[in-house]
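Structure first, commentary second.
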């Protein structure tokens, strides 16, 4: 083999390696861009900068309203997990918001039981079962007020939730049947799936008229977002 042929083959090999490297980098750039586009939007500096979540996904016909006002101009939606300590910490803020804007806004809860919480699914099913006996608000409050008694347990605490139903004067046989029904599990899962479709990654995740609130929003932040929407 001549010296010139060896040099030519070496140059061709270098060129091929260079082209391969460029293709690899280009694919990495495309992957990064795709991953970035799939990431949920983070809150901007003002409500007006926020994109609006699709209304038909954010609130369904069967979504659970804690407060529903005819002609309400603002709807606050919270994706929550009843076993989540952060949701428990957010709970007083949400209750104060409900009190401050009573009769002026709608408030909706969506079930988003996190897989790492053993009793979050049963708790959501219990709240849904109570809702079907017109005791949504009462069971919602009871869950957060007693979270320290059953949250974090690795055992099924459904018996505790049945006790709540008894305390609230519900038909316990109907409550247990509804709580354990496949339809109820599917109802909870549907909320969870909607959350995933919206980019929800944890709880609490809160929207004001479809605009994503910052993580763990204070009363002041939520009030500002609500007031901005009311003034539109």
For the range 105-141 and the range 160-192, what is the centre-to-centre distance using only Cα atoms, to the nearest Å?
9 Å
Checking rank on 208-216, 85-93, with mean other Cβ inside 10 Å and highest first, the result is 208-216, 85-93
Taking the Cα atoms of the range 150-223, report the difference between the largest and smallest coordinate on each principal axis, in whole Å and largest first.
41, 27, 26
Ratio to report: Rg/Rh of the range 47-230, with Cα atoms as the point set and Rh obtained by the Kirkwood method; give two decimals.
0.95
Here the relative contact order (percent) of the range 100-195, from C-alpha pairs under 8 Å and at least 6 apart, is 39 percent
Most packed first (mean Cβ within 10 Å per residue), the peptides 150-162, 68-80 order as 68-80, 150-162
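Every number here is computed from the coordinates shown, using simple stated rules; none is lab data. Everything numeric in this text was worked out from a predicted model, so none of it was measured. As a convention, Cβ positions derive from the backbone with ideal geometry for all residues, glycine included, and neighbour counts pool all protein chains shown.
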